[in-house]
1. So between residue 248 and residue 417, what do we pick up on full extension, going 0.36 nm a residue minus the alpha carbon distance?
2. Can you give the FRET efficiency to the nearest 0.05 for residue 365 and residue 461, using r as the Cβ-Cβ distance and R₀ = 60 Å?
3. Going 7 Å from the Cα of residue 862 along its beta-carbon direction, which residues of region 905-941 have the amide nitrogen within less than 15 Å of the resulting point?
4. Hey, rough spin-label estimate for residue 820 and residue 968, points 7 angstrom out along Cα→Cβ, what's it come to in nanometres?
5. Using only Cα atoms, locate the centre of region 336-361 and the centre of region 575-643, then give the distance between them in Å, rounded to an integer.
6. With the cut-off at 27 Å, tell me which of the pairs 775/805; 480/562; 215/562 have Cα atoms farther apart than that.
7. Just grab the label-to-label distance for residue 664 and residue 284, each label 7 Å out from Cα along the Cβ direction, in nm (one decimal).
8. So, in Å, what gap is there between the alpha-carbon centers of region 777-846 and region 866-923?
Amino acid sequence: MNGKALRRATLSMALGACIATMVPMLASAQTVSGAVAGNATQGDQITVTNTETGLSRTTTADAKGNYRIAQLPIGNYSLQVMRDGQAIGQAVEVTVSMGSSTNINLGGDGAVNLASVQVVGSRVVPLVDVTSTESAMTLTAADVDRLPVDRDLASVALLAPGVTKGESSFGGISFGGSSVAENSFYINGLNVTDFYNRNGFSEAPFAFYKEFQVKTGGYSVEFGRTTGGVINTVAKSGTNEFESGAELVFEPRAWQSKANDRYFNGERYLTFSQDDYSDTTLDLWASGPLIKDRLFFFALYELRDYEPTNTNDEGTNLTKNNSSNGFWGGTLDWYVTDNNILSLMAFSNKNENTGDVYTYDYDNNEIGNKTNEIYNDTGGDNWALSWSSYFTSNFSMKVMYGENHRQSFNRSLLDLECNRVQTVSSRPAPPGVQLGCSTNSTVFNREDVREQTRADFEWSLGDHLLRFGVDHEVNTSDHKQYYAGPGALFYNVNAGSPGSSIPNPPGGVIPPGYTGYVRARRNEIAGNFESTNTAFYLEDNWSITDNFLLNLGIRNESFDNKDGDGKSYIEMDEMWAPRLGFAWDINGDSTMKLFGNVGRYFLPVANVINIKQAGGLLDQRTYYAFDGWDVRSLNGVQYAVPRLGPQIGTVDVSQGDGTVGDLRSEVDRDLDSVYQDEAILGFQQMLNEKWSWGVRGIYRKLTNAIDDMEISATGQCGEDGYIGWVMANPGEKVTVWGDTDCNGNMGWVTVDTAKEGWALYDEDGNYQGQRGWVKPKRTYKALEFQLDRAWDDKWALNMSYTWSKSEGNAEGPVNSDTNFSDTGRTENFDDPWVNYGGYGPLANDRRHQLKARGTYAFNDNWQVGGTLDASSGGPITGFGTGNPFDAAKYHSYYICVAQCDSATPVYEHSARGAYGEMPWTWEVGASVTYLQSFGDSRLRVKFAVFNLFNQQKTVRVDQELQPSVGMATPTEPELNEFFGVGYGFQAPRYAQLSVTVDF
């Protein structure tokens, strides 16, 4: 019998004699550590020792036999029972994972119950955590290495049930029907979420991570400021062994399938076939003890050469990009004593990209003269310093301070000379001539800095495990932006028929003789803006019986958004977020559990609101008739710009006139925060020591929203009480500074926006009264089924099916339907008609999802891995512009079907999702891995292919059915001929080779 088999046999014999019970679970601050807990004989001492660092802690089983050792750094430990100074039974190796408790129940002879655990080698790994009430997926770096998973956190998160890719123009990921702007991301407890727009995060080199946790619901009160999901990671750290390594990751252009060019009516409207990239990274790392058992380091440096190439839609210019900045990261852990640890984590993801722009002849595949250089700088330095103290076996603490820096700086050499020109609905330009002389639209420079402080405590009192803490963030954005070119104008060219009404709030129609219109837009802002978020929480994990755990939590949030002068203008406090969960160990042996939770979650206001509302935003939109193209030349390169006909309507500055007004009239005095309520009921069961299955039901309801809405009338003064654009809760009572008596006497005015606030005008401009807004609604209902076979050094499998339904009239703080990404300033509530009659399947609705991942080891040297991600398509809606109730011409769920150029147009309702769904998408990943050892050195070579069958299905289409209201012919209304045409698609197949050597 070999050593591994002997250890397994000895452990198996020892495990048969014990009785399993249930104990509370704790996840330490932001769950970057774990715990070992269980039941033993009263008075026994339980000692756990980290086999890699020598960290050792001891506790004594209480009067009921319960014991718990918290604030343990994740890793492998040896557990030994002591009685009267003598060792009882054999030491057992256990694995401690982030954010969870490894439950080890010990019999009178010190043996461990095997019924509820899996033994991998000689390590005990729990399959069903009967003390957890949350929904989460935890993977180690080794787990991910066995799979064909791309090297970023989003790809890891997409392995979890209910997580989908965001709309293709936004990117990001959606958890449980939420928008992409509602998630939170943590590295070693440091919040690295983008607080400017909330769609993104600061990401470290992938080789920096040790463990990943994806929380899809029911998370505890230590987590807040999210109504989506949480991605929580822990960085690698050093041990008592000096180790080093290198990893080369290679993605050459030759291993990528070409993306398909897209044609409509025989004309190419999207040019993708020349888009590709070359990506090579080399990670070098080292770790070990600076002082044995006391001071450890881990250091990583990543050399990177990333060279993407892309063409514009027309295929008239080509940009060669290059970014080759080195990334670095590291951790330093000082075990001052076994009960006091000082830890530093730091990384930098600064990146500078240079794009060289050339003219391009698609037909002859020839690259011409260089016309421009575009520069884009991103990323920043990030660090967190934490102190953990294990004061007694019943009381522990962790405090942390950290900073998260994110820069975004974009500019080009032609910013003074060239305006950006784009077409809407693919109005063709002169053949072979590019639109505008630059592809850079905006000059912007923003530096975001988060300063985060938090303190977390745990106190065990008999059957109660109390957790409490405070979390404080100061988020500062220093921001400046404007459009490139003369006059700082961005030109959008739109198709249209003579006499058609355009979506200009001041109104206007395309004059006779013209077949389109041009929007010339200025958009500029500058200033320094700060937001402060503070929370405290209290949680009680109460073991009512040995088999039943009740989790009672409360979190209090406060958000304070400030203007450019540092004065509070959106301030919300006393936001109480209760959480209630339970876990029932049905058989009392940790093999079957029923769990559930209900809770409330709040979402802060993104800094983009401070900047664009409280910072003197100028958003000036002037509309002109489209009078054809002027072809010009710059540096020998021809380009087209729109020739402007007569101005249509007046200039629209409703979104910002360049001044900061009286903010009392721009923000509801009694503004309530965005929040979501969630309820989950789940069941999980072990089938044997390797297999388990589970089912989970989820219900989420977004109960409130904050958005900008134009209040153009009041109950007191009708149309004479015009207030303007207000950040408010649509459909609720809004209190702002306004005209109280219709004579100019200012004071607080309350408008019930459920029934008033919008002035109605007919086609002749006559005031017809007022109406209100529908309330925002979003619900998510889902059933998730999972089957899991744990890794045992031979094979592993996880399969899930999710049926879900996401419906309502508001996606969230961003709007994928209309491609509006300013978080909290969507177009959904600009006027009452934007979402009137708009209840239905939302943009992130994926009715069916099937996921699978698995690994199989043929022997000690060869492994194969695979993934499958299949889902039904999102809904297709036909958006209109007008409505049958007044003369407003903006986004709506109504289509003009007759008399569209008259004073009495006829409209029909165009329901959300009425035009079907986009096609099912499915992607298969495959990998083969070769492993070999050379003494103390280890080699891993993995070849992975993503989207193996090169699926390039449509994931986004043009949903503007009627961009303007008019008649195409005397009998046919004007409709967008490109409606339903695809604009976003699955990325084509690509392959990746990674070679890793550990010393």
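Read the figures in this text as sums done on the coordinates, not as results from a lab. Note that the structure is predicted; figures quoted are calculated from it, not measured. We place every Cβ from the backbone using ideal geometry, glycine too, and count neighbours over all the protein chains shown.
1. Numbers: separation 169, 0.36 × 169 = 60.84 nm, distance 4.25 nm.
Going from the current span to full extension adds 56.6 nm.
2. On the way: r = 74 Å, r/R0 = 1.23.
For residue 365 and residue 461, the calculated efficiency is 0.20.
3. Of the residues in region 905-941, 927-932, 941 have backbone N under 15 Å from the label point off residue 862.
4. In this crude spin-label approximation the distance works out to 2.6 nm.
5. 24
6. Details: 775/805 20 Å; 480/562 17 Å; 215/562 31 Å.
Over 27 Å apart, Cα to Cα: 215/562.
7. Between residue 664 and residue 284, the label points sit 6.3 nm apart.
8. 18
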